[in-house]
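One structure is given here, and the rest of the page talks about it.
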Amino acid sequence: MSSAISRGFDHCVAIYPETIAPEDFRVAWVRDFLTRVEGPRVLDLGCGKGRFLPYLGEGGRRAFGCDFSEAFLAAARVRGGGRLLRSDGQALGIRSGAFDALLGVEVIEHMPDLAAGLREAVRVLKPGGRLLLVDKNALAVADKLRNRLYERFSPALRSMARVTPDWGPFRERWMLPWKVTAALKGLCREVSVRYAGPRWLSTFVAWEALK
């Protein structure tokens, strides 16, 4: 399944953005998260084209990015900003405790096995390391339905969405916040959740965890 998903991403690489504006709320969340990180080594899990790597490298940190799509990594290499490696988020092939922090923005929505992906993310963190995951909120029903309608009539959105199983082959998933929270609590000492507005209206949700 992972190889099929990787090929799906390679096929639609041109659709995805290469940068993210400093004023984007997700950048604000990342910068706020980094104020609590102790240590310089930060991994961007599912880094895509590397749009968060420049922010992870602020303040002298060492930014690393991994993705299993060679097409996305090729785009990230052009932009620079961190050391890159190709790996599957469910089997990273990185030594345990290698990183002080890990970021995953809109990545767990593409994992066929969420539990395996979360275990692997926590495994590569050192004790006391921090994790930040940002993904789509399944409680925002209106946004989810609107996205499905856009997807139905937009070839570009159809290509973006059909990358992991959900209702059909290769479709991304919107995450139930308590499901991810419960899984993280089984792996980490502390877990907190934040939304970009009222939880029923916020398209995005973030989980921060301390190993």
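Listed values, structure above:
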{"item": "Test: residue in region 42-56 that is more than 14 Å from the chain's Cα centre (by Cα) and closer than 27 Å to Gly97 by Cβ", "result": "yes"}
{"item": "Close pairs from region 29-44: first closer than 18 Å to Val124 by Cα, partner surrounded by fewer than 19 Cβ atoms within 10 Å (Cβ to Cβ), Cβ under 6 Å, at least 6 apart", "result": "Pro40/Arg61; Pro40/Arg62; Arg41/Arg62; Val42/Arg61"}
{"item": "Given (1) touching a Gly at 6+ places or on another chain (Cβ under 9 Å); (2) outside any loop (DSSP other than H, G, I, E, B); (3) touching a residue at least 24 places away in the same chain (Cβ under 8 Å), index of the condition Gly65 fails", "result": "(3)"}
{"item": "Identity of the residue in region 85-112, in a loop (DSSP other than H, G, I, E, B) and of a type in the set (Val, Ile, Thr), that ends up nearest to Arg7 (Cα to Cα)", "result": "Val107"}
{"item": "Candidates Asp44, Asp10, Asp32, filtered to the one that is part of a helix (DSSP H, G or I) and at pLDDT 95 or above", "result": "Asp32"}
{"item": "From the options Arg119, Arg77, residue that is under 30 Å from Glu23 (Cβ atoms) and not β-branched (Val, Ile, Thr)", "result": "Arg77"}
{"item": "Checking Val78 against (1) of a type in the set (Val, Ile, Thr); (2) in a strand (DSSP E or B); (3) farther than 18 Å from Trp207 by Cβ, the condition it does not meet", "result": "(2)"}
{"item": "Of residues in region 113-145 being part of a helix (DSSP H, G or I) and of a type in the set (Lys, Arg), the one nearest to the chain's Cα centre (by Cα)", "result": "Arg119"}
{"item": "Complete set of residues in region 36-74 that are more than 20 Å from Glu23 (Cα to Cα) and of a type in the set (Ser, Thr, Tyr)", "result": "Ser69"}
{"item": "Residue in region 71-83 that is among the small types (Gly, Ala, Ser) and either under 14 Å from the mean Cα position of the chain (by Cα) or within 24 Å of Val180 (Cα to Cα) (or both) present", "result": "no"}
{"item": "Complete set of residues in region 68-86 that are under 25 Å from Ala115 (Cα atoms), surrounded by fewer than 19 Cβ atoms within 10 Å (Cβ to Cβ) and free of Cβ contacts under 8 Å to residues at least 40 places away in the same chain", "result": "Leu85, Arg86"}
{"item": "Gly59 more than 19 Å from Leu92 (Cβ to Cβ), surrounded by fewer than 20 Cβ atoms within 10 Å (Cβ to Cβ), in contact (Cβ under 8 Å) with a residue 12 or more places away in the chain and not hydroxyl-bearing (Ser, Thr, Tyr)", "result": "yes"}
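The values are calculated or read from the model by the stated rules, or taken from the named source; none is laboratory data. Computed from a predicted model, the values in this text were never measured in an experiment. Note that each Cβ is placed from the backbone with ideal geometry, even for glycine, and that neighbours are counted across all protein chains shown.
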